[in-house]
Amino acid sequence: MVSGTIRLHINVQISGEENSPPYHLQYACLHETLFHNIYCETHHRDDSDKVDIGGVGSIDASPNFLSAASSGHRGSCVEVAQSWQVYFESNTQEIVEEFARRYGVDRLYQAMTHFSCLTTRLTCPGVPAVLSSLLANINAQLARPTIIDCANAENLGGSAANRLATSNFGRDRFIRLIDQLHNSLRIRLSNYRSAFPASQPDRLRDLKACVDLLTSIAFFRLKVQQSANAPRAAAVLRDCARNCLRATYGFVRDNCPQLSGCSSSSSASSSGAAELNPDSLNFWHRMVELVAAVIDEDRAVYAPVLNQFPQQFQLSELSAIVLWELLCEDLDAVLKQRRQSGENQQPDRRRNGETAAATNTGCEYLNLLIRTQCLYDKYICPLQKRQQQNASQQQQQTTVLPPAFPSWFEPFVLSWLADMETASLEFVRSAYARDRRDGFQRSSEHARFSTSVVDTIAQLGQCHRVLQRLGTADPQVAARQAGRFAESVAKVLREYSQVMRADFVSTWAAGGASTSTARVLLNNAQQLRVQLHQLYESMGGDTELPAESRQLLQGLQEELGESLDAIAGQAATIRASAQEARRALISCGCIETGPARKNSVHQTSTAQQQQLQEAADAVLRPLVDFLDGALELLAADCERAVLRRLLKRLWRVTVRCLEMLVLLPISAGLASRFVAEGLQQGGTTRSPTMAVIEQGGDVNGRAGVSCANASANGAAIHSAAARRWQFWGLVKLIPDSWLTETQRPLTRDQCSVLLVAIETIKQYFHADGHGLKMAYLERSPELRSLRCSLALYSETTDALIKAFVATQASQDSLISAEDKTGEVSVQVDLFKHDATGHVKISVRVVSASDLLWHPLNSFRPYVEVALVGPGCEQGGGVGSKHSFTTRCRKGTDSPKYNELFHFILDPDSDPEWFELQISCRHYRLTGRDRLVGLTVLQLREILDEGSCACWCVLSRRLQRDSIGEAILRVLAQRIEDRVAMQFVRLKCELRLEPQAG
């Protein structure tokens, strides 16, 4: 034998068929003819699109092919391969099988041919399932050779692409077939809502089969065709679903009236359908409902069918996101147009009194916002939370931005709040007027307040519940809305409080039967505070309420409390009783004291204590009689909280009156100065020693030591105290009833009686534990102020002046720029004589500048320099003049002086106790010279350097805090003390002209 290779080419032809087409083409014609004839016969017989084919029966049963092929019975590979290759009924199947077996048509070609026939009937029920199963088996045949194919040497080895290329069906033809099928599937899936109605379960099974077929096509392109850019099935399905959702939204928007049930044959329904257009708010109400219905349908019906890719595609989420975005785009455009068109119309409607119409329009916008908010909370907000949780699990930072739709509705919400504020004010006035006509009857059997309070808060609570339904999707918008609502609450409650306060004054002054009405008004004031607190808590309280709204409502609560205090102050007027107490205190005589009295006021014998107690009882009898009558009258109908507040009010007023009317009244000689000072302060009243009380000083110690820490913040404490006492509604600074020529200071014995009276009145208000708590009484600022005033009362004049100079370091400060009246240039030098120890103070007045005065041509300014301190009338010095004045300069506001003055201090006087008071005055030929301005230069500021040259700013008056005021009031009691009177005169001097100059 000869080694080598022998290649045989055998060509078998049947006689008479030389010119016939190839056998696989003949098979294709046979297969297609049988398929179409059977379909046409079935369609003609049953008048349906159902394809009923032979041995497999209905194509609906075709999904069982793979399960039958993969069943567990033991059989040959041929049996397994033939289980999915049954295409027709038994007779027809035998024909195609016999033809294929006789002429050598392979199984893959048969499957591709049948696949090609089925693609023409893609829309028929059950066909997508058969296509999916058939393509999956074709992919399996191409991906790996079967045992039967392994017998053929030509199929050994090679890839799936090579096996596709060598198939008789043709590679390009099958790829075109796959591309056409893929496009058809994209079209059908982009219309899955109309192509696969939710009401037909068989169609939903076809939808699921279409997704399976789409997956098989993606596998074919990736593994068989080996295309690197083949789209994933999940991405294709997502794009198709997005297109379908967009088309669905457009259909819903274009057919909203019909879908809402407004289209019918009746004329009423026709008119309703005509009103539902994009320019009306009802249209968008219906749109929100329809969008929610579409999302629910996708969740309930289509999402379970299209759930083959749960990690990459969720129809329920995509449906909610796409439809929400489309709805937001349309709402933004519509609301923007309405905002632009409504900016000019809404003010005109309010000016014309169409408040009700504006409120109704605002309610429509609010209803639309509530519907939109509900849609967002139900479908979009959970998605954002889930995305945030997934990002946190993957340790990724994501920022979820608040939605934009609350800002679109914000102008309409604020407009509605303004309308509701106007309506609430009208409602409050009418409710209060109705309550007044009814005589302020109680709202219920057990309540002690009238119905107007309940109606007022109910109106505000209704508005708040509406705001709560709007949600807090955007915290900034919600904060602005809450702030606007808080302003409305404040305005409405202030209106009610003012009207009620005015009624209380008249009813309480009328007395008699009107007293019961006044007590109901007191209960109303307290109930208003209680209801406001409940509303505050329902709005979020300290934790959720925005800072501005929280501060506004807390300030309103304080205002209502101060208003209640002011109302209670009308019922706690004890001025006349306090004046009788002072007269009783002055007429009580001197208490006989033993030797111990010489050492201390507090060390007394039992007899002396009894005498002091009797005298204190006599002093307090007018006050106690008044308090008994007032409490008995108020306890009949007032609530417990009101009674406690009234009791606290009476305590404060009683102690205040003991201090201001009994201990520190103003003499007639200085009344005009203090009254003028009170007018400059706006008529407000302050506690004399409120600063040292609030700073926590030792009120029982010496004023120069215990009050030193409070002087730094004198101006701030001054204004705060003024605001506090102004709301308390107390008497003016200097009432006319205080001014009597017979006023004289109290003696030490009378001060001892007053101390005992204080302890007695404290026990009266404590009432053995049934009244106010002893801790509250001890911590009361009024009691501590009274004790501090008593401590100051027992000090000498020099000690008080030292304390004043030590604590009042800001006398020359300006409250405002209008207080400045000019400047004075001075040079001060200190010299201490080593031999004698005397201190020489040299003051050179150089010039003045920018003095405010009118008219200038008759202006004759001069400068007065006074040394103020203890040990002399107005200055300190032994044998020296206490004040000096310069010569007058005429007709100028910037005079030049250059004059030198000298003051001498004795060795026992410390310069730290003294200060220079510099004042500029206008000289008058007749009458008293007019004050232009004044200032103070304290010597302790120049002790270290020994000299100082500066410009001193002149002001209309000297400033002082509560400590300085208390010291001046104590000194004002010492009418016969010339040093005290002159010191008070200097410190209380002020420029009376309100205009500049």
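The table for this structure:
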| read-out | value |
| --- | --- |
| Most to least accessible of D419, D834 (protein chains only, probe 1.4 Å) | D834, D419 |
| Computed accessible area, H882, all protein chains, 1.4 angstrom probe, square angstrom | 70 |
| Within segment 419-521, GluC sites (Glu not before Pro) in DSSP loop having at most 13 other beta-carbon neighbours inside 10 Å | E445 |
| Long-range amide H partners of Q938 with built H, under 5 Å | L916 |
| M774 accessible area, assembled protein chains, probe 1.4 Å, Å² | 50 |
| Additional length obtainable on full extension of the chain from S194 to A303, 0.36 nm per residue less Cα span | 37.7 nm |
| Rg followed by Dmax, in Å, when segment 786-868 is reduced to its Cα trace | 18.7, 53 |
| Segment R176-Q312, length gained on full extension (0.36 nm per residue, minus Cα span) | 46.1 nm |
| For S858, net neighbour charge (Lys/Arg +1, Asp/Glu -1) across residues whose Cβ lies under 10 Å away | +3 |
| Alpha carbon centroid spacing (whole Å) that separates segment 936-997 from segment 812-875 | 12 |
| Dipole-positive endmost among V453, A486, H533 within segment 404-571 (Cβ charges, Cα centre) | V453 |
| Part-to-part distance (alpha-carbon centres) for segment 548-568 and segment 904-924, which is given in Å | 47 |
| Dipole of segment 816-988, positive end: most advanced residue of L939, W913, V979 [Cβ charges, Cα centre] | V979 |
| Cα-based equivalent ellipsoid, segment 816-988: semi-axes from gyration tensor eigenvalues, Å | 26, 21, 15 |
| Point-charge dipole on Cβ atoms (K/R +1, D/E -1) for segment 361-495, about Cα centre, debye to 20 | 260 |
| Paramagnetic reach from K890 in segment 920-938 [backbone N under 18 Å; point 7 Å along Cα→Cβ] | 921-927, 929-930 |
| Computed FRET value (nearest 0.05) for E94 with A140, which takes r as the C-beta separation and R₀ as 22 Å | 0.30 |
| Stretch gain in nm, segment A433-L643, where the contour uses 0.36 nm per residue and the Cα spacing is subtracted | 73.0 nm |
| Gyration tensor (alpha-carbon) shape descriptor, segment 930-997, a/c threshold 1.5 | oblate |
| Cβ-Cβ FRET estimate between K385 and E778, R0 fixed at 56 Å, reported to 0.05 | 0.55 |
| Per-pair calculated FRET efficiency, R0 = 51 Å: Q534 and T796 via Cβ, rounded to 0.05 | 0.35 |
| Ranked order, F427, F99, F831, F485 - accessible area, probe 1.4 Å, largest first | F831, F427, F99, F485 |
| Anisotropy class of segment 404-571 from Cα gyration tensor, a/c 1.5 cut | prolate |
| Nitroxide proxy distance, nm - points 7 Å out along Cα→Cβ at H36 and A447 | 8.8 |
| Cβ charges +1 (Lys, Arg) and -1 (Asp, Glu), total dipole of segment 404-571, debye | 460 |
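The values are calculated or read from the model by the stated rules, or taken from the named source; none is laboratory data. In this text, all values refer to a predicted model and were calculated from it rather than measured experimentally. Methodologically, a virtual Cβ is constructed for each residue, glycine included, from the backbone with ideal geometry; neighbour enumeration extends over all protein chains shown. What goes into the accessible areas is simple: the full protein's heavy atoms, side chains included, and nothing from ligands, DNA or RNA. Shrake-Rupley method; radii C 1.70, N 1.55, O 1.52, S 1.80 Å.
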